[in-house]
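Notes follow once the structure below has been shown.
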Amino acid sequence: MQPRDFLTSLFANAVRAADPLNGIKAHLPAKPKGKTVVIGAGKGAAQMAQALETVWDGALEGVVVTRYGYGCETRQIEIIEASHPVPDAAGLVASARLLHAVRDLTEDDLVIALICGGGSALLPAPPPGLTLDDEVALNEMLLASGAPISRMNVVRKHLSTIKGGRLAAATKARVVSLVVSDIPGDNPAYVASGPTVADGSTRHDALEIVRQYKMRLPQAALDHLHSPAADAPRPDDPLFAHHEHHVIASAGVSLEAAAAVALSMGVTPAILSDSMEGEARDVALVHAAIAREVRLKDRPFAKPVVILSGGETTVTLRAKGGRGGRNGEFALALALAVEGHDILALAADTDGIDGSENNAGAFVDGKTVERLRAVGLDPRRLLDGNDSYSGFAAIGDLFETGPTGTNVNDFRAMLIK
């Protein structure tokens, strides 16, 4: 098998292991006396709804929201599509629809919440005094800040009328949340900013994050964070006493699946971590240092080896107009750091979309930099301009899968033969 095909097969098996159907089967709640209503949000929410319909024996109704182009056929659950990563009016309508779906239910009813990565942007619901434009500005600022996703979501959930457990708090029905985690550490309260799972963070924590990352929030947003109205429900609130939440898929499971495939092909796998965070280009330098050490000195792992990692890196925007996501940024920084070495790598997002472009990520090897220069591109300038997509597109090294139907964050594999 060719090296790129090998890395592609590892990615495919990692994604397959995150198929929500298996996790949904294992955590199906008991049927209620009343009706069952499904709500959900995220880039894989439509596929989760489809999977639930195949295993639920009984009537279902409800609505989930996913990214444009990520919908699929469902029989009983309505699919709404909206914008990601920047919210739009369709997401505003979707948020209202989800709240309406649960508001008049009783204790005899059941809500099944299907939650996965991407739900934060897909569920805009600004509090009184803020507009959709304010939420868009907030989202763009968060994405450009370099803050880890868990910290971004602390800010989001205190500037919302649906996140931070508020969606679950809006109903008297029992809520069972089935969560596909794209968050390092797999805290379900951080996935999609926790619309149905409360956590202990406060508006004061949100203000500290704003200060730490020097975010220039709209004045209305700052005013709200200084007000008790921004306080989210606490996990010990009696409202949540009979609720449940289950993480049904995660990066750790996916990396283990990829490792098993590598081993079956005669290549030793080494998993660094399933919860790496930090600036994408900095994380790339650490990965490159390990790969070079293996290549030159057979330590800390002996060749042949494939080094695997997951988690979610961040990108601090340094220029306007660049194209590409965090995996492209990682890949480009890695390419510069392994130039001339016989190392091949794949960095990709398990949902099939890296940032806002149509690729999941990119392939890299010791000659990537040479190929970029051969077509007249300066890899260092591309990196400084956050423009990895343009570079990898020019040399045919984009990794394109289309929507995968799941999302357990980033997948990175480095092969040292």
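Read the figures in this text as sums done on the coordinates, not as results from a lab. Since we're looking at a predicted model, the values are computed, not measured. Methodologically, a virtual Cβ is constructed for each residue, glycine included, from the backbone with ideal geometry; neighbour enumeration extends over all protein chains shown.
Key figures for this structure:
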{"read-out": "Test item: Cα-centred dipole of the stretch 19-249, Lys/Arg +1 and Asp/Glu -1 on Cβ, debye", "value": "200 debye"}
{"read-out": "Spin-label model distance (nm) - Ala260 vs Leu28, 7 Å beyond Cα toward Cβ", "value": "2.2 nm"}
{"read-out": "Global form of the stretch 307-357, assessed from the alpha-carbon gyration tensor, a/c cut-off 1.5", "value": "oblate"}
{"read-out": "Cα gyration tensor shape for the stretch 19-249, rounded if a/c is under 1.5, else prolate or oblate", "value": "prolate"}
{"read-out": "Antiparallel bridge percentage (DSSP; both residues within the chain; nearest 5)", "value": "40 percent"}
{"read-out": "Shape category assigned to the stretch 203-308 from the gyration tensor of Cα positions, a/c cut at 1.5", "value": "oblate"}
{"read-out": "The chain: most fluctuating residue of Ser264, Ser254, Ser95 per GNM, C-alpha cutoff 10 Å", "value": "Ser264"}
{"read-out": "Ranked list, fewest to most other Cβ atoms within 10 Å of each Cβ, for Phe392, Phe6", "value": "Phe6, Phe392"}
{"read-out": "Cα centroid of the stretch 284-326 to Cα centroid of the stretch 145-207, whole Å", "value": "29 Å"}
{"read-out": "Whole-Hz ³J(HN,Hα) from phi, Karplus 6.51 cos²θ - 1.76 cosθ + 1.60, for the stretch 76-88, glycine and proline x", "value": "10, 9, 6, 10, 10, 10, 8, 8, 8, x, 9, x, 9"}
{"read-out": "In degrees, nearest ten, helix 326-337 long axis to first principal axis of the chain (Cα)", "value": "20 degrees"}
{"read-out": "For peptides 191-200, 396-405, sequence by mean Cβ density within 10 Å, most packed first", "value": "191-200, 396-405"}
{"read-out": "Loop chymotrypsin sites (Phe, Trp or Tyr not before Pro), the stretch 31-112, which have at most 14 other Cβ atoms in a 10 Å radius of their Cβ (DSSP)", "value": "Tyr68"}
{"read-out": "Ranked by how many other beta carbons lie within 10 Å on average, peptides 338-346, 231-239 from highest", "value": "338-346, 231-239"}
{"read-out": "Value at 222 nm in deg cm²/dmol, rounded to 500, when DSSP H runs of n ≥ 4 in the chain each add -39,500 (n - 2.57)", "value": "-11500 deg cm²/dmol"}
{"read-out": "Estimated FRET transfer efficiency when R0 is 45 angstrom, pair His242-Lys320 (beta carbons, to 0.05)", "value": "0.40"}
{"read-out": "Gain upon complete extension [Asp223, Asp342; 0.36 nm per residue less C-alpha separation]", "value": "37.4 nm"}
{"read-out": "For the stretch 374-417 versus the stretch 13-57, the gap between their alpha-carbon centres in whole angstrom", "value": "32 Å"}
{"read-out": "Ranking of Met152, Met1 by count of other Cβ atoms within 10 Å, fewest first", "value": "Met1, Met152"}
{"read-out": "Most to least packed among 379-390, 313-324, 41-52 [average Cβ atoms within 10 Å]", "value": "41-52, 379-390, 313-324"}
{"read-out": "Total lysine pairs whose alpha carbons fall under 28 Å of each other in the chain (8 or more apart, or interchain)", "value": "29"}
